[in-house]
Amino acid sequence: MSNEFYDDLSLSLSQALSIARGETKPSRVFSYELPDIKAIRAKTGLTQAQFADKLNISSRTLQNWEQGTRHPTGATITLMRLLEKKPELIALA
């Protein structure tokens, strides 16, 4: 590992620790609104079991998302945003 890379990595770690301790404010904060999974599923016309099957997830996971006790992450959020705009895409799954 080069000294420059190590120095950059060390500085980044110090900054992250400072932010985690509340000593420094982050330079930017990312926020996003979670999609309304229940409304998206309703647009597809599928039952919870059918929708969960199409997404290859358990019905319980889908129920948790719809009730807000758990939230989808990463690519699933992106997929939900696509289905929100074009619910007919679920037929391709």
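Quick look at the numbers
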{"item": "Span-rule helices in the chain, defined as complete DSSP H runs reaching 24 Å or more along the axis (Cα) with Kyte mean at least 0.0", "result": "3-20"}
{"item": "Two-site FRET efficiency, Ser59 against Ala39, from Cβ-Cβ distance with R₀ of 25 Å, rounded to 0.05", "result": "0.90"}
{"item": "Segment 21-93: chymotrypsin sites (Phe, Trp or Tyr not before Pro) in DSSP loop, at most 15 other beta carbons within 10 Å", "result": "Phe30, Tyr32"}
{"item": "Least to most buried among Thr44, Thr61 (fewest other Cβ within 10 Å first)", "result": "Thr61, Thr44"}
{"item": "11 Å beta-carbon shell around Gln67, net charge (K/R +1, D/E -1)", "result": "+2"}
{"item": "Neighbour-limited loop hits for trypsin sites (Lys or Arg not before Pro), segment 1-89 (at most 16 other Cβ within 10 Å; DSSP other than H, G, I, E, B)", "result": "Arg21, Arg28, Arg70"}
{"item": "Two-site label geometry, Ala75 and Ser31: point separation in nm, points 7 Å out along Cα→Cβ", "result": "2.9 nm"}
{"item": "Segment 21-71: GluC sites (Glu not before Pro) falling in loop per DSSP and having at most 13 other Cβ within 10 Å", "result": "Glu23, Glu33"}
{"item": "Cα gyration tensor shape for the chain, rounded if a/c is under 1.5, else prolate or oblate", "result": "prolate"}
{"item": "Value at 222 nm in deg cm²/dmol, rounded to 500, when DSSP H runs of n ≥ 4 in the chain each add -39,500 (n - 2.57)", "result": "-18000 deg cm²/dmol"}
{"item": "Relative contact order %, the chain, counting alpha carbon pairs below 8 Å whose residues are six or more apart", "result": "26 percent"}
{"item": "Spatial separation of Cα centroids for segment 1-35 and segment 65-85, in angstrom", "result": "27 Å"}
{"item": "Test item: Cα-centred dipole of segment 37-92, Lys/Arg +1 and Asp/Glu -1 on Cβ, debye", "result": "100 debye"}
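Bear in mind that the values in this text are calculations on the coordinates, not laboratory data. Please read all numbers here as calculations on a predicted model, not as lab measurements. Cβ atoms come from the backbone with ideal geometry, glycine included; neighbour counts cover every protein chain shown.
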